[in-house]
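Structure record follows, encoded as structure tokens.
The values are calculated or read from the model by the stated rules, or taken from the named source; none is laboratory data. Nothing here was measured: the structure is a model prediction, and the numbers come from that model. So basically every Cβ, Gly included, is an ideal-geometry build from the backbone, and we count neighbours across all protein chains shown. We work out accessible area using only protein heavy atoms, side chains counted, and drop any ligands, DNA or RNA first. Shrake-Rupley method; radii C 1.70, N 1.55, O 1.52, S 1.80 Å.
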Amino acid sequence: MWSTFKGVVILIALLGACRAVPRDGYGPGKQDWGFVEVRNGAHMFWWLYYTTADVLEFTERPLVIWLQGGPGASSMYGNFEELGPLTLEGEPRNHTWVKDYNVLFIDNPVGTGFSYVENTTLLTKDNAQIADDLLTFIKEFYKLNPEFTTTPLHIYAESYGGKMAPEFAWVLDKAIKNGELDIELASVGIVAPWVSPIDSVLSWGEFLLNMGFVDTKGYREIQAAAIQTEHTLNEGKYEDATWQWGRTEGVIIEQTLGIDFYNVLFAQDFTSTKSRLAMFAKDMKQATLDSALRLATEDRDQMLEDLMRGPVATALQLPAESVYNAQGNAVFQSMAGDFMKPAMHVVELLLNSTNLEVAVITGQLDLIVATAGNVVWLEKLQWTGRNGYLAAPRNGIGPQGTLEGYEKSFGNLHMYWALRAGHMVPADNPVLMDYILKKHVVFPEN
């Protein structure tokens with residue numbers, strides 16, 4: 001393992017020896033990138049896009065962090081498939097966040113994407129370790145980029161990243177209050193957040209029944225597997241609960257003949273369903289790993305990997321052939337004992353003990369983190385504004401005339417329902433996502 005990454009370690013030493021400066025990278029606009037050694041032998045990759053907004057100084061606009069899910073899925077998916085300046089095909093993206101904000105993509109946890117560990121024993125085991133690594137990272141990032149201490153910071157994340165982001169925000173808020181950092185952390189936005197996994201799983205059967213993807217028999221098969229997942233979780237068998245989650249996904253594939261978990265209206269290759277079912281029957285754990293890290297079709301996932309290991313690695317001068325995505329499966333396996341644990345208590349801490357704005361965003365066509373499950377755990381939260389939130393009206397959102405979704409807010413909690421969107425709301429409904437960003441990631445208009 002060490003020999004595989006020796007060249008990268010040498011590169012990191014060189015990158016760490018100088019202060020970050022805007023430079024040309026891959027694609028348009030000024031960028032910067034590098035590695036931070038968050039623990040001895042554990043290296044985290046970051047890639048910053050400076051805003052292309054018409055401003056005198058880029059620090060006139062906020063800094064937005066983007067974290068992906070999995071755990072073990074690279075933030076480069078969010079970059080090239082959702083919100084970065086270029087699409088996977090290399091075309092300019094009209095709704096890129098970079099046009100308004102400075103955007104920092106982090107491959108997290110270590111072992112994800114370009115990030116890596118010199119020994120797999122250094123992979124994180126739980127959400128708290130992930131948050132500690134991110135705190136170490138952000139402290140080093142501000143040492144390299146002290147100019148950003150003057151601009152507000154916002155943390156946005158998707159899927160399992162929606163479980164990581166609140167805990168990262170919590171430890172970062174404490175560090176700021178303790179005087180370890182002099183920055184302004186302003187908001188947390190979590191898209192399709194895996195905050196209460198079992199509430200998501202228990203919502204699957206009824207969602208599919210009501211949408212017409214299964215009949216009553218199929219619903220009962222899915223519900224039985226979901227309830228078994230709940231029983232396993234309640235017994236404290238957390239890793240077993242993760243694999244039972246995978247079994248439940250296998251039942252859904254069987255009953256729906258291969259539905260897309262990230263957007264139920266996406267067309268699927270009917271002929272591939274048998275091979276996916278065969279994989280679940282042959283090696284359920286491996287099939288679960290593949291399912292957790294597969295964010296798009298196999299073709300597009302391969303396109304992303306080829307892009308990262310080829311043109312991007314060349315442009316950024318990274319010896320990435322043996323690094324990018326090499327440890328993704330190992331990351332998920334290392335986190336298997338934490339995967340199904342809820343993180344509602346951390347969201348409660350943010351709401352009760354900080355002034356941070358917390359935005360929860362859910363797509364109506366998302367199955368893996370279904371809207372119904374998000375509604376359930378949000379209404380269970382124990383915080384000072386709970387009764388006010390439950391009684392608050394739900395209003396429509398239509399900034400350009402078409403109804404794009406709904407919002408419900410009280411205090412510092414904001415819930416958004418995204419219409420015509422699945423798991424990847426920034427890509428599926430950019431108009432609504434832009435509305436949300438403009439509301440929470442505030443900047444002065446010229």
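State the antiparallel share, in %, of DSSP beta bridges confined to the chain, rounding to the nearest 5.
The answer is about 50 percent antiparallel.
Could you please state how large a percent of the accessible area of segment 134-242 is carbon and sulfur, counting protein chains only and using a 1.4 Å probe?
46
Enumerate the amide H contacts of Leu295 below 5 Å, restricted to partners 5 or more residues apart or on another chain; note that Pro and chain-start residues carry no placed amide H.
Answer set, sorted by chain and number: none.
Could you give the size of the charge dipole of segment 127-198 about its Cα centre, using +1 on the Cβ of each K and R and -1 on the Cβ of each D and E, expressed in debye and rounded to the nearest 20?
It works out to roughly 120 debye.
Using alpha carbon centroids, what distance separates segment 211-249 and segment 133-192, in Å?
Cα centroid to Cα centroid, the span is 34 Å.
Taking the DSSP beta bridges in segment 289-421 as the whole, what percent of them are antiparallel, to the nearest 5?
The answer is about 60 percent antiparallel.
Could you work out how far the C-alpha centroid of segment 357-386 sits from that of segment 25-67, in angstrom?
Segment 357-386 and segment 25-67 have Cα centres spaced 29 Å from each other.
Give the lysines reachable from Lys217 as a straight Cα distance under 23 Å; neighbours fewer than 8 places away on the same chain don't count.
Lys274
Measure off 7 Å from each Cα along the Cα-to-Cβ vector at Asn387 and Leu403, then give the distance between these two points in nanometres to one decimal.
Between Asn387 and Leu403, the simple spin-label model gives 3.1 nm.
Using packing as a proxy for protection, rank 78-90, 300-312 so that the peptide with the highest average count of other Cβ atoms within 10 Å comes first.
The densest-packed peptide leads the list: 78-90, 300-312.
How do the peptides 418-426, 61-69, 105-113, 134-142 rank, highest first, by the average count of neighbouring beta carbon atoms within 10 Å per residue?
Highest mean packing first, the order is 105-113, 61-69, 418-426, 134-142.
Return the sequence-ordered ³J(HN,Hα) values of segment 138-150 in whole Hz as given by the Karplus equation 6.51 cos²θ - 1.76 cosθ + 1.60 applied to θ = phi - 60°, using x for Gly and Pro.
5, 5, 5, 4, 6, 5, 6, 10, x, 4, 6, 5, 8
Residue-wise, which Karplus ³J(HN,Hα) couplings in Hz belong to segment 227-239, taking 6.51 cos²θ - 1.76 cosθ + 1.60, θ = phi - 60°, and x for glycine or proline?
Result, ordered by residue: 5, 5, 4, 4, 4, 4, 5, 5, 7, x, 8, 5, 5 Hz.
222 nm [θ] for the chain, helices only, -39500 (n - 2.57) per DSSP H run of 4+, per residue, to 500?
-12500 deg cm²/dmol
Separation between the Arg394 and His231 pseudo-spin-labels, each 7 Å from Cα along Cα→Cβ, expressed in nm?
Distance between label points: 3.3 nm.
Once you order the gyration tensor axes a ≥ b ≥ c over the Cα atoms, which shape class does segment 328-446 get: rounded for a/c under 1.5, otherwise prolate or oblate by comparing a/b with b/c?
oblate
Can you tell me how segment 60-99 classifies by the Cα gyration tensor, rounded, prolate or oblate, using a/c under 1.5 as the rounded cut?
Judged from the Cα gyration tensor, segment 60-99 comes out oblate (a/c at least 1.5, b/c at or above a/b).
From the Cα trace of segment 152-235, what convex hull volume per residue do you get, rounded to a whole Å³?
It comes to 97 Å³ per residue, whole-number rounded.
Once you have a ≥ b ≥ c as the square roots of the Cα gyration tensor eigenvalues for segment 387-446, tell me rounded if a/c is under 1.5, and otherwise prolate or oblate according to whether a/b is larger than b/c.
In terms of gyration-tensor shape, oblate.
Hey, with R₀ at 45 Å, roughly what FRET efficiency would Asn352 and Leu265 work out to, going by the Cβ-Cβ distance, to 0.05?
For Asn352 and Leu265, the calculated efficiency is 0.75.
Can you work out the Karplus-derived ³J(HN,Hα) for every residue in segment 170-187? Use 6.51 cos²θ - 1.76 cosθ + 1.60 with θ = phi - 60°, whole Hz, and x for glycine or proline.
5, 6, 5, 4, 5, 5, 5, 5, 7, x, 6, 9, 10, 9, 10, 8, 10, 7
Run down the lysines and flag those whose C-alpha is under 17 Å from the C-alpha of Lys30, throwing out any fewer than 8 positions away in its chain.
Candidates past the 8-residue exclusion: Lys99.
Could you rank Phe58, Phe266 by how accessible they are, 1.4 Å probe, largest area first?
Largest accessible area first, the list is Phe266, Phe58.
Leaving out ligands and nucleic acids, note down the accessible area per residue over segment 144-208 with a 1.4 angstrom probe, in whole Å².
It amounts to 25 Å² per residue over segment 144-208.
Only sites in a loop by DSSP and with at most 13 other Cβ atoms within 10 Å count here; which trypsin sites (Lys or Arg not before Pro) in segment 175-223 make the cut?
none
How big is the dipole moment of the chain about its Cα centre under a simple scheme where the beta carbon of each Lys and Arg is +1, that of each Asp and Glu is -1, and everything else is neutral? Debye, nearest 20, please.
420
Too long at a 30 Å Cα-Cα cut-off: which of Lys177/Lys380; Lys125/Lys438; Lys237/Lys439; Lys163/Lys439; Lys143/Lys380?
Flagged as over cut-off: Lys125/Lys438; Lys237/Lys439; Lys143/Lys380.
Restricting things to alpha carbons, tell me how big segment 129-171 is in terms of Rg and Dmax, in Å.
Gyration radius and largest Cα-Cα distance of segment 129-171: 11.1, 30 Å.
Each label point is 7 Å from the Cα along the Cα-to-Cβ direction; what then is the distance between the points at Glu147 and Lys438, in nm?
Output for this residue pair reads 2.7 nm.
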